[in-house]
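The structure appears right after this line, and notes come after that.
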């Protein structure tokens with residue numbers, strides 16, 4: 001792509017040169033019009049991402065949640081959510097799968113009440129229109145080395 005004008009551009013006439021500030025401004029404006037290469041799934045999610053998404057989905061139960069939604073979302077929707085996740089966060093597939101397993105196990109003890117679907121667990125729009133990720137929160141817990149909580153207490157009704 002040809003620059004609008006270089007300091008020695010003959011179209012400017014003799015004796016005229018663009019200042020360094022003007023050249024910087026022209027470069028900035030031109031950068032808005034450059035085509036950016038769209039990253040592919042392999043670029044963002046790594047080789048073998050399809051199998052990793054399958055493993056991720058297998059962690060979620062094959063059922064409808066108490067909310068009425070399927071626990072497992074469509075694979076393409078999950079892949080789209082993971083593209084955003086990997087652009088935003090830097091966690092390994094190993095950490096993601098462990099964090100997901102902990103999350104689902106925790107909600108299993110509560111009969112899946114208020115559990116997010118596999119897609120919303122990765123990425124969900126908040127009420128203020130920003131994006132949040134419960135998966136990222138769970139991955140941070142796994143990376144911190146915090147042990148998995150065990151629920152060893154008994155629940156008994158006393159009359």
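All of the numbers you see were taken from the coordinates with simple rules; none came from a lab. All figures in this text were calculated on a predicted structure; none of them were measured in a lab. Here the Cβ positions follow ideal geometry from the backbone for every residue, glycine too, while neighbour counts run over all protein chains shown.
Numbers at a glance
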quantity	calculated
Where a label projected 7 Å from the Cα of residue 62 along Cα→Cβ would reach, residues of region 104-123 with amide N under 20 Å	104-105, 108, 112, 117-119
Size-normalised alpha-carbon gyration radius of region 41-143, reference 2.2 N^0.38 Å	1.01
Using a Förster distance of 25 Å, the FRET efficiency for residue 75-residue 146 (Cβ separation, nearest 0.05)	0.25
Length-normalised contact order for region 41-143 - Cα pairs under 8 Å, 6+ apart - percent	29 percent
Protection proxy ranking, peptides 137-147, 20-30, average beta carbon neighbours within 10 Å, highest first	137-147, 20-30
Relative packing of peptides 124-134, 95-105, 60-70 - highest average C-beta neighbours within 10 Å first	95-105, 60-70, 124-134
